[in-house]
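Everything on this sheet refers to the single structure shown next.
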Amino acid sequence: MFLSRTSSSSQHREAERARLNRLEIATALRNGQVSRRDLMRWGLMTGSGALVIKNGLSPWAKSAHAQVPTGLPPSPRFAAIKFSQALPRPFSPHEQLMFPQSGPGVETSAAFPSEMKQLSARRLSYHDAYCQDPSTFINPATGIGPIEGRPPGEFFAHQRWSEFFPKYGYVLSLGQVQAGSRFAVGMPELEANTVWTFGQRPSGHVAQYNGSRTGSLTPTLVKARYGEPFICRIYNDLPARREDNNGFGRNEASTHLHNSHNGAESDGACNAFHFPGTFYDYHWACALARRDMPEHWLKPTEAGYRAKAASGPDDGDKLVEVAGDFREIQGSLWFHDHRFFFTAENVYKGHVALLNLYSGPDRGREGFADGVNLNLPSGTRLPFGNTDFDVNLLIGNYALDGAGQHHFDIFDTDGFLGDIMTVNGGYYPYMEVLPRRYRFRILNACVARFVKLIFVAIQSSKFSKGTPLPFYFIANDGNFVVKPIKLSQLDEQSPAERYDVVIDFSQFSTGDIIQLVNVLQQRSGRKPDGRVSIGEALRGNDNDPCLGPILEFRIVDALDSVDDPAKRYNMSDEADRDRSVDFDADTDWASGAKRLTEQIPIVTPDRERTLNFVRQEPGDARATEDGECVPDCGEYTEFPWSIKVSGRTAHALNANRISMVVPRPGEVEHWTLINSSGGWDHPIHLHFEEGVTMSRSSGGIPDTERLVRKDVWRLRPNGSVKFQVRFGEFGGSYVTHCHNTTHEDFAMLLRLQLKTAKPTEPGYHGQPQFELTDTPVPTPSGVRWLKPEILAEGDPNNPEFKKRSR
Amino acid sequence: MQRALSFSSLGWQSAGLVLLAAIIGGVGAFAYVGTTEQPSTVFRWGKAYLPNVTVTTHRGQTVKFYDDLIAGKIVVISFVYTSCKSVCPVVLSRLRDVRDQMGESAASRTHFVSISIDPLTDTTEKLAQQAAAFDVGPNWTFITGDLASIDLIRYKLGERSGAAIALHKNEVLMFNDVTSAWSRDSAFSDLGVLAMNIRAMDPSDRARAQRSDHTPLDSAVALDHPGQALFAKTCAGCHTIGDGPKVGPDLYGVTSRRDHDWLQRFMISPEKMHATGDPVAVALAKQFPLIRMPSLGLAAEDASDLIIYLEQRSVDHAAHAAVH
């Protein structure tokens, strides 16, 4: 619930008072300080004993001057002022060089520098060693169970360990927010258990029973590279008592790298969550897809394309070539919680971080010509991964309680909406920019809020206020489009979608102001209402406080580098001029002679599948024979959200149920995702692989999606989308689901089993995943196992597959 | 000592950390058991949040929702209505099985609350009938009440389907009022896992379970036949195969007692067959008057799978009986 910005402060006070009144009345009644008779006389209670639906007294009363998206009075703003705080720039944790460590009879492990006092990273989990001798490798925070949360056994051993032996390691802590952190300048300090998020884990830090305040409100950014496999060791430094959560969030973590090409044991979404005091070693291999299928690589000569595009940057001026298809290169990724049933509240609570995957073409270094580098705006101070002009924007949406602490309605099943927007954890921040080209990597990290963003001129001698500025769209969900697409507004962007854009500020001069404006109104977690005009968004309306500018750009002529603290850029200095690619000036881009990547062709698939995301399905299973209902027939009970596979079945979430089996690597599948729930929109996420978007049923397909690789698709109400996907290299248990994380927590999630080659087949790389993975059931004392159940309609080896696929 | 030696090959830091872990681990374990769980944080979703409205139980008592049903307890909350002829009976039968799997001691410390979301229809008598049908025992309370009170409870607990009760939430909510911790799960999760998750609502039980073995969980669902999974998920709550009647009849030998075509039709549309006066369906309804066979929305091939499975199990059971 919120009040419009035009409402008076007295109205705000009144609303807050009403909330407190409601609590007070309820308490007073319970304590016998007032009687029901009193309340009835005051008109606050019905004859039956319920508090009447009256503005301010009932949680779902429609206020005279407010709509109700958050389930709370409007978030208090205290002394916070919009655009008074600089955009927080993501913090990059230390990358630690790892070295192989071996001994007689011991499998080679990857050791961290000894001063870090870390156990070396092993192929098999330390859980295995703990099982062999339960007096070793014990969780130091609780004294119970193994120190590593990764399940034991070969199925959770790192796949292709020696082939992707880690060169680097990160030691991150998922902890309580650091002391002194505030939602915004001028707001109260956040309590330790309000925000649980990532930070660097200090060397030698020992897990604490009550949690550790290691979390940084500023988002974490991992700079990864192709050709540099690494270990991301994530410690769960949350309090051991699950009750210590300030009202929402579960202290059990499962981190999904969205949407990297990794083994299922490192995908973070196979029910292998881990407990406070433990760590989980994620082996993020930075593998380039199609590694095992050279016959499908586009030969550089065929494409007339740069040789060595399938590569990553080294620490100097060279490339590390990798096997794989350069058309599968990814860029803007992120990692976030995937604990089934608690994902929405955990992600909201702060279990979110950024990961940029750098490659030869997308090196994050401009003015550097090696025949491969695309020279996208980034900076010049580092050999790769410059962020001075290549800026991650993580968009969040929050609500605060009266004390200024994050609030989340754990009972909301539509999708939780907040009434405050943040960028990189900052409250409506501003960013100083030089009059030059910038790349922005925009991630919608909200639980349920969609956005539609436009760069709008606010103060300029060249553009009148409210003018939408042109920019180039270069990547969707971290995947390059073939040709940069010139736009003046972005498409709708659902939770988890990433849009990379390049905008040229060179037509502006010092003192000019541009704002990033959200024009998409949304009052329900089910779907957005629709867009409003730029003028209305700038003025604000009474329906949605999240309309309008969320970030302000201020043109300056000199700027301190974030990559090199000793550097200050000065626009008048020739050495500091913009060296990034100019899609306008170089006509080869317009003609198509120069391209960001090449198109992956659509081919005849080995099989097709249909997934129907439904709101209303009879029962746990299966449509009736004739749908007929006689007078005596009871009403069907429906599941709120579910997925039907190939026309057959709707099931509630059960991590033990395999809905689809991909029988062998390399086969092409065409999937059609259908949204039959008219009143809703669902952003559907496929783990592990991207799909080439082929078509949409209605409303047209924008250029930003047509034949573009994606991993999250907005289905649109009553819409459908079709894409082509090919799996390979790794196997195990993955999922596909709705990325409105509230929907995901309920039932919109199904399990996908990718099989690897058998030992007798070509393409076998020692992986055991040619067999099905048992479902891990983590407990604090160790992992237990369940045999999964497979739906006949999901398994192409089952004779029922064809019969039931219709 | 032998173990410590073998680790020394991994470097001094590993061995050191293990020793350190063991020391701290010991302290931690002691503290864990010794601590009375009194979280310092705000109880956001407990007493201050939950409505303390007056409701009526299936035993005919008038009680306060929070004070009498929630306060100081571990509760498992489900939403039902007695005219629900499809999923609700399955949810209830599964929850009853879950309670049986939890073990006597944990089950006796857990209270089940099934809230009728159709209070205008669901009288105390109807709820009592439902409770008897599922043989729920003393720790299970069905509640109804006036519409406004029930609506308030429903809304606050996230059951926000409003008048469209057929769209109601099939999730199971779990709450420990002492610690103010909420959890949720699906009634269609594996029964063993669900039982474990409910037990884990009690921190002392969590601590106890943490000392238990590492044996694999037996899945309630085996894989030999598609009908088996279906049976475990949708039938086993009410029927046995050879272990006597439960909520519904024992299905041992049912494939020889009944015509296959009849079985097929009855599994798919039991309500329709009852309504059209099928003599066997009517007789069954008389024999098991409390709960009628629900419409599970089975497709023809699902029913065939089940019939094959029932046939197989009956043969197995007979062979087993012959041996002993």
Just the residues that are acidic (Asp, Glu) and under 17 Å from residue B:91 (Cα atoms), please, taken from the stretch B:178-205. B:185, B:190
Working only within the stretch B:276-296, note down all residues that are farther than 15 Å from residue B:246 by Cβ and in contact with a Ser or Thr (Cβ under 9 Å, 6 or more places away or on another chain). B:295, B:296
Would you pick out the residues in the stretch A:404-432 that are part of a loop (DSSP other than H, G, I, E, B) and aromatic (Phe, Trp, Tyr)? A:408, A:411, A:416, A:428
Looking only at the stretch B:146-195, count how many residues are surrounded by fewer than 22 Cβ atoms within 10 Å (Cβ to Cβ), facing chain A (nearest Cβ under 7 Å) and more than 28 Å from residue B:122 (Cα to Cα). 2
Test set (1) farther than 30 Å from residue A:330 by Cα; (2) of a type in the set (S, T, N, Q); (3) not in a loop (DSSP other than H, G, I, E, B) - residue A:208 fails condition number: (3)
Can you say whether residue A:117 is in contact (Cβ under 8 Å) with a residue 24 or more places away in the chain and facing chain B (nearest Cβ under 9 Å), as far as the supplied structure shows? yes
So which residues in the stretch A:559-575 are without any contact (Cβ under 8 Å) to a residue 40 or more places away in the chain and either of a type in the set (A, V, I, L, M, F, W, C) or over 23 Å from residue A:461 (Cα atoms) (or both), if there are any at all? A:560, A:565, A:566, A:568, A:573, A:574, A:575
Residues satisfying the stated conditions in the stretch B:233-277, i.e. loosely packed, with under 14 Cβ neighbours inside 10 Å and within 28 Å of residue B:192 (Cβ to Cβ): B:243, B:244, B:245
For the stretch A:388-406, give me each residue that is buried (at least 23 other Cβ atoms within 10 Å of the Cβ) and over 20 Å from the mean Cα position of the chain (by Cα). A:388, A:389, A:400
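Yes or no, residue by residue, for (1) outside any helix (DSSP H, G or I); (2) crowded, with 23+ Cβ neighbours inside 10 Å; (3) among the basic types (Lys, Arg):
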position: A:107; (1), (2), (3): yes, no, no
position: A:110; (1), (2), (3): yes, yes, no
position: A:129; (1), (2), (3): no, no, no
position: A:135; (1), (2), (3): yes, no, no
position: A:144; (1), (2), (3): yes, yes, no
position: A:150; (1), (2), (3): yes, yes, yes
position: A:159; (1), (2), (3): yes, yes, no
Can residue B:72 be described as in a loop (DSSP other than H, G, I, E, B), more than 28 Å from residue A:780 (Cβ to Cβ) and at pLDDT 90 or above? no
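Applying the selection to the stretch B:67-87, what residues are without any contact (Cβ under 8 Å) to a residue 60 or more places away in the chain and either buried (at least 21 other Cβ atoms within 10 Å of the Cβ) or farther than 25 Å from residue B:155 by Cβ (or both)?
Answer for the stretch B:67-87, where residues must be without any contact (Cβ under 8 Å) to a residue 60 or more places away in the chain and either buried (at least 21 other Cβ atoms within 10 Å of the Cβ) or farther than 25 Å from residue B:155 by Cβ (or both): just B:82.
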So, in the stretch A:523-551, how many residues would count as being crowded, with 21+ Cβ neighbours inside 10 Å and at pLDDT 95 or above? 8
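Quick one: in the stretch A:127-156, which of the residues that are at negative phi and of a type in the set (Phe, Trp, Tyr) is nearest to the other protein chains (Cβ to nearest Cβ)?
A:130
Determine which member of the set B:271, B:301 is within 9 Å of chain A (Cβ to nearest Cβ), more than 30 Å from residue B:320 (Cα to Cα) and outside any loop (DSSP other than H, G, I, E, B). Talk me through it step by step, then tell me what you get.
Working: B:301 fails: more than 30 Å from residue B:320 (Cα to Cα).
Criteria check complete, one pass: B:271.
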Looking at (1) in a loop (DSSP other than H, G, I, E, B); (2) at pLDDT 50 or above; (3) not β-branched (Val, Ile, Thr), which is the one condition that is false for residue B:111? (1)
Looking at the stretch B:125-145, which of the residues that are buried (at least 20 other Cβ atoms within 10 Å of the Cβ) and over 20 Å from residue B:97 (Cα atoms) is nearest to the other protein chains (Cβ to nearest Cβ)? B:145
Answer residue from the stretch B:299-324, given it is closer than 26 Å to residue B:87 by Cα and without any contact (Cβ under 8 Å) to a residue 40 or more places away in the chain and is surrounded by the most Cβ atoms within 10 Å (Cβ to Cβ) among those: B:299
State which residue pairs qualify: first residue at positive phi and inside the stretch A:674-703, second residue polar (S, T, N, Q) in any location, beta carbons under 9 Å apart, and separation of 6 or more residues or different chains. A:688/A:259; A:688/A:260; A:688/A:262
Of the numbered conditions (1) surrounded by fewer than 19 Cβ atoms within 10 Å (Cβ to Cβ); (2) farther than 28 Å from residue B:271 by Cβ; (3) in contact (Cβ under 8 Å) with a residue 24 or more places away in the chain; (4) not acidic (Asp, Glu), residue B:120 fails exactly one; give the number of that condition. (2)
For the stretch A:90-105, name all the residues that are within 27 Å of residue A:333 (Cα to Cα) and part of a strand (DSSP E or B). A:91, A:96, A:97, A:99
Selection count, the stretch B:241-255, where residues are among the acidic types (Asp, Glu) and closer than 13 Å to residue B:318 by Cβ: 0
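The values are calculated or read from the model by the stated rules, or taken from the named source; none is laboratory data. Predicted, not measured: the structure shown is a model, and the values here were computed from it. Backbone-built Cβ (ideal geometry, glycine too); neighbour counts: all protein chains shown.
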